[in-house]
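Scroll down for the structure; my scribbles are underneath it.
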Amino acid sequence: MYDQAKELKRGIEILIATPGRLIDHIKKGNTNLQRATILTLDEADRMLELGFEPQVRSICNHVRPDKQCLFFSATFKKKIERLARDILNDPIKITQGNAGQVNEDISQYGHIIGQGTV
């Protein structure tokens, strides 16, 4: 957490974080989200299923009101739709394939770029 705090205080352009860790850094004053213009939540429905709705709402409330939000989910359930309507202005839902069915037209590929330790 110490190294993360140093980087956050220096200033960043892109931040990828779990909800809990991000809230910890905000509470400690290591960063704020006042300059954030885009907020992306991947697997937003899963975070809600695991009980992270208060944390997701807290993060959304720390970002400036004119933010652009992107919520990604393989299964966009009613609970996530309610959250999106509460948090977003004029939300738009984009669906790939038929709702409730696995899309068989998707292929995933991975490429290893460079080698080293992480």
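FYI, it's all coordinate maths here, none of it is from the lab. Not measured: the values here are computed from a predicted model. Quick reminder, even Gly has a Cβ in these numbers, built from the backbone with ideal geometry, and neighbours come from all protein chains shown.
Sequence neighbours fewer than 8 away in the same chain don't count; with that in mind, list the aspartates and glutamates whose C-alpha is under 13 Å from LYS78.
ASP45, GLU49, ASP86
By a straight-distance test (C-alpha under 13 Å), which aspartates and glutamates pair with LYS93 as possible cross-link partners, with residues fewer than eight away in the same chain excluded?
Answer for LYS93, where 13 Å is the Cα cut-off: GLU81, listed by chain and number.
Could you list, in their original order, any pairs among LYS9/LYS77; LYS6/LYS67; LYS28/LYS67; LYS6/LYS77 whose Cα atoms are separated by more than 31 Å?
LYS9/LYS77; LYS6/LYS77
In a shell of Cβ-Cβ distance under 9 Å around LYS77, excluding LYS77 itself, what net charge do Lys and Arg (+1) and Asp and Glu (-1) give?
Local charge sum for LYS77: -1.
Around THR31, with a cut-off of 13 angstrom between Cβ atoms, what is the net charge of the other residues, counting Lys and Arg +1 and Asp and Glu -1?
+4
Could you work out the helix-only [θ] at 222 nm for the chain, with each DSSP H run of four or more residues adding -39,500 (n - 2.57) and the total divided by the number of residues, to the nearest 500 deg cm²/dmol?
Theoretical 222 nm ellipticity from helices: -10500 deg cm²/dmol.
How much length is gained if the chain between ILE94 and GLU49 is pulled fully straight, taking 0.36 nm per residue apart and subtracting their Cα-Cα distance, in nm to one decimal?
14.1 nm
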